[in-house]
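Following: one structure in structure tokens, then a few remarks.
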Amino acid sequence: MAGTVEFPEGRNPLARETQRTWLTAVFALAASLAMMLVASPSTVSPAAHWVVSSIALTTALVVFVAGQRAWGEMVTNAQAAGVVER
């Protein structure tokens, strides 16, 4: 007797997108807080100012890359579903 075995998906795609959205928001918040510290360099030591500004720049780049990847994945999924043309 042959049958088909269906394996459940690892994670719900909607839950994955929600998690990515919250993660991006947390990175954006961290970058904005770091930028506020960078805007007032006289309140912290020069070494701390350099570290915070480096973290802020890195965080902003991570958010940008995550947004670009999410957009690319969304367009690919829409093309696969036939919603948009190439």
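List of remarks:
- Every residue from region 44-71 that is small (Gly, Ala, Ser), surrounded by 14 or more Cβ atoms within 10 Å (Cβ to Cβ) and within 22 Å of TRP22 (Cβ to Cβ): ALA56, ALA60, ALA66, ALA70
- VAL75, sole failed condition from (1) among the aliphatic types (A, V, I, L, M); (2) over 23 Å from THR18 (Cα atoms); (3) surrounded by 12 or more Cβ atoms within 10 Å (Cβ to Cβ); (4) free of Cβ contacts under 8 Å to residues at least 12 places away in the same chain: (2)
- Among residues of region 22-49 that are under 11 Å from ALA60 (Cα atoms), those with a beta-carbon under 7 Å from a residue that is at pLDDT 75 or above and of a type in the set (Ser, Thr, Tyr) at least six positions away or on a different chain give the pairs PHE27/THR59; ALA30/THR59; ALA31/THR59; ALA34/THR59.
The values are calculated or read from the model by the stated rules, or taken from the named source; none is laboratory data. Since this is a predicted model, take the numbers as computed values, not measurements. Counting neighbours? That spans all protein chains shown, and the Cβs are built from the backbone with ideal geometry, glycine included.
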